[in-house]
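The values are calculated or read from the model by the stated rules, or taken from the named source; none is laboratory data. Nothing here was measured: the structure is a model prediction, and the numbers come from that model. Cβ placement follows ideal geometry from the backbone for every residue including glycine, while neighbour counts extend to all protein chains displayed.
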Amino acid sequence: VSKADVDRREADANERAAAFMRTITTRRVVRDFSAKPVSHSDLRDVLTAGRWATRGSNSRIHRLLVVEDRQVIRQVRSFSPGMLGVPATLIVICTDPDLAAEAEVQLDRDVTPWIDVGTAAMNMMLAAHAFGLGSCPVTSFSKSAVAVVLKLPSGVVPEFMLQLGHPAAKRQPVARVASVTTLNDLVFWGTYGPLRTGC
Ligand SMILES: Cc1cc2nc3c(=O)[nH]c(=O)nc-3n(C[C@H](O)[C@H](O)[C@H](O)COP(=O)(O)O)c2cc1C
């Protein structure tokens, strides 16, 4: 292996890392969607990103329900104050009590299942953005009503919904951000408090 090969590989790795960081830093929630359906090829990639998310104790007690029927999405929306858009697709992250029992996860005590919802959701949002799709979480909704609309089996809980679709051509005005959190605002190095900075 020549030095030129090594240099090229390193440059490729740096480029991939920079592209990945760009995906992370340019993602913003999208609440205004076009009616264009999400291709199943893109959808499978987004779902695969969710599948590969890290999870507590390596247990998998959630299932992802894909909803594409516009009428059902509108019905769900009527019980979801946090759902501002009408996305082409909804991915509903559901907790399955039977899977939780099998994995000996105590849903009333253990917080890791809720964190697992977040890791899966974030992976899917980043993948969606990488494919040029928009996404937005919905947590403000009636779980009991949505469970009925989606005909979920008894005990299965819709924890989180991800709106997914192509961003509308005319984007909604971006909400004014009161203050942008800088790395210095967010991170303390070694000692908790604002006086020290590490880099
Ligand atoms: C746990 C969680 C719950 C959220 N719930 C909702 C919601 O119900 N409706 C909504 O429109 N946005 C929701 N959001 C989106 C946030 O408002 C949004 O991510 C935040 O304002 C930052 O914007 P950005 O993701 O574009 O940087 C939620 C985000 C998270 C992480």
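Computed quantities for the displayed model
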| quantity | calculated |
| --- | --- |
| Hits in segment 48-59 - residues which are farther than 14 Å from L126 by Cα and surrounded by fewer than 15 Cβ atoms within 10 Å (Cβ to Cβ) | T54, S57, N58 |
| Segment 144-155, residues that are of a type outside the set (G, A, S) and surrounded by fewer than 18 Cβ atoms within 10 Å (Cβ to Cβ) | V148, K151, P153 |
| Unmet requirement for R176, which otherwise passes all of (1) modelled with pLDDT under 95; (2) farther than 15 Å from V29 by Cα; (3) of a type in the set (K, R); (4) within 15 Å of the ligand (Cβ to nearest atom) | (2) |
| Residue in segment 104-117 that is nearest to the chain's Cα centre (by Cα), counting only those that are more than 12 Å from the ligand (Cβ to nearest atom) and aliphatic (A, V, I, L, M) | V111 |
| Flag for R51 being charged (D, E, K, R) and at pLDDT below 95 | no |
| Matching residues in segment 1-53 - criterion: being within 13 Å of the chain's Cα centre (by Cα) and β-branched (V, I, T) | I24, V29, V30, V46, T48 |
| Pair list, Cβ under 9 Å, 6 or more apart: segment 67-94 residue under 10 Å from Q163 (Cα atoms) and of a type in the set (S, T, N, Q), other residue within 15 Å of the ligand (Cβ to nearest atom) and part of a helix (DSSP H, G or I) | T89/I73 |
| Residue among P97, P81 that is under 21 Å from S144 (Cα atoms) and either buried (at least 20 other Cβ atoms within 10 Å of the Cβ) or within 16 Å of the ligand (Cβ to nearest atom) (or both) | P81 |
| Helices (runs of 4 or more DSSP H) wholly inside segment 19-135 containing at least 3 residues that are under 20 Å from V156 (Cβ atoms) and of a type outside the set (G, A, S) | 70-77, 97-102, 112-130 |
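Results for (1) aromatic (F, W, Y); (2) more than 16 Å from the ligand (Cβ to nearest atom); (3) at pLDDT below 95; (4) closer than 19 Å to G85 by Cβ, shown as yes or no for each residue.
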| residue | (1), (2), (3), (4) |
| --- | --- |
| T119 | no, no, no, no |
| M124 | no, no, no, yes |
| C136 | no, no, no, yes |
| S154 | no, yes, no, no |
| E159 | no, no, no, no |
| K170 | no, yes, yes, yes |
| V180 | no, no, yes, no |
